[in-house]
Amino acid sequence: MRYFIYYYFLTRIIGNPIISLGILIIAFILVERKFIGIIPDIFKPLKRKRKIANLKSTIKLNPANINAYRELGSLYLEDNKYQKAEENFMKTLDKMDNYAETHFLLGKAYYLQNKIDLGITELETAIDINPKIGYGEPYIYLLAEAYSSKKNENNINDYIGNLHYYGTVETLYKAGEVISKYDQKKAKEMFKKALEIYNGGPKYLKRLYRRWAILARIKG
């Protein structure tokens, strides 16, 4: 009701109902982003595009900048450009082969291109180097493959245990989504664990993970 009141007074002041509605929508989005955090950042694609352009310029000036290739690959992953992500991560392997993050990101790029075997190999290498890399995200892909292929079913409980130990609210929710296709009981346990972590977390993290907690509550 109060939004109609705001709209009424804005229209009276500005004299244009369309502009008044636009101002209210923008104000709502800004407040929601600051205090709730469910609505995605509408400016994120533009920020990512600008970062990609800057990193390309950096690499052009210094082709030996390995960190720039890694960051560029990560941005391409966010943008669902998995082949480009793979190409950039491959350029980091010579100097970052012992970094868990390198293998995790490359494995993710492979997996999301449906290069499953290559992806699983890299993801397993990543967790061998650092079991908590990616806040448990590698285990989501390993779980998905174990369930769908039935090749590593004996490892499922280990993957779930590691997710409980290393995962965030987001990774636990996404793992629950994967598991729900095969085992509703374990999926609900994963959603419950996501809520436990959310409820026990500090305030600044609650805003970050509120969206995933709400989804976990709905699914659980």
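The values are calculated or read from the model by the stated rules, or taken from the named source; none is laboratory data. Just so you know, these numbers come straight off a predicted model, no measurement behind them. We place every Cβ from the backbone using ideal geometry, glycine too, and count neighbours over all the protein chains shown.
Here are a few things to note about the model shown:
- Leading residue by the ranking (farthest from Ala64 (Cα to Cα)) among those in the stretch 81-114 that are touching a residue at least 24 places away in the same chain (Cβ under 8 Å) and among the aromatic types (Phe, Trp, Tyr): Tyr111
- Filtered residue count, the stretch 65-80, keeping only those that are among the polar types (S, T, N, Q) and assigned to a helix (DSSP H, G or I): 2
- Number of the condition not met by Gln83 [criteria: (1) farther than 22 Å from Leu143 by Cβ; (2) part of a loop (DSSP other than H, G, I, E, B); (3) modelled with pLDDT of 90 or more]: (2)
- The one condition in (1) crowded, with 20+ Cβ neighbours inside 10 Å; (2) in contact with a Gly (Cβ under 9 Å, 6 or more places away or on another chain); (3) among the aromatic types (Phe, Trp, Tyr) that Trp212 fails to fulfil: (2)
- So Tyr198, is it closer than 30 Å to Ile66 by Cα and either in contact (Cβ under 8 Å) with a residue 12 or more places away in the chain or surrounded by fewer than 22 Cβ atoms within 10 Å (Cβ to Cβ) (or both): no
- Hits in the stretch 62-78 (condition: among the hydrophobic types (A, V, I, L, M, F, W, C) and in contact (Cβ under 8 Å) with a residue 24 or more places away in the chain): Ile66, Leu75, Leu77
- Count of the stretch 31-59 residues which are at pLDDT below 70, in a helix (DSSP H, G or I) and loosely packed, with under 13 Cβ neighbours inside 10 Å: 4
- Selection count, the stretch 6-23, where residues are modelled with pLDDT under 70 and either under 27 Å from Arg210 (Cβ atoms) or exposed (fewer than 12 other Cβ atoms within 10 Å of the Cβ) (or both): 3
- Every condition in (1) free of Cβ contacts under 8 Å to residues at least 40 places away in the same chain; (2) basic (Lys, Arg); (3) part of a helix (DSSP H, G or I) is met by Lys181 except one, and the failing one is (3).
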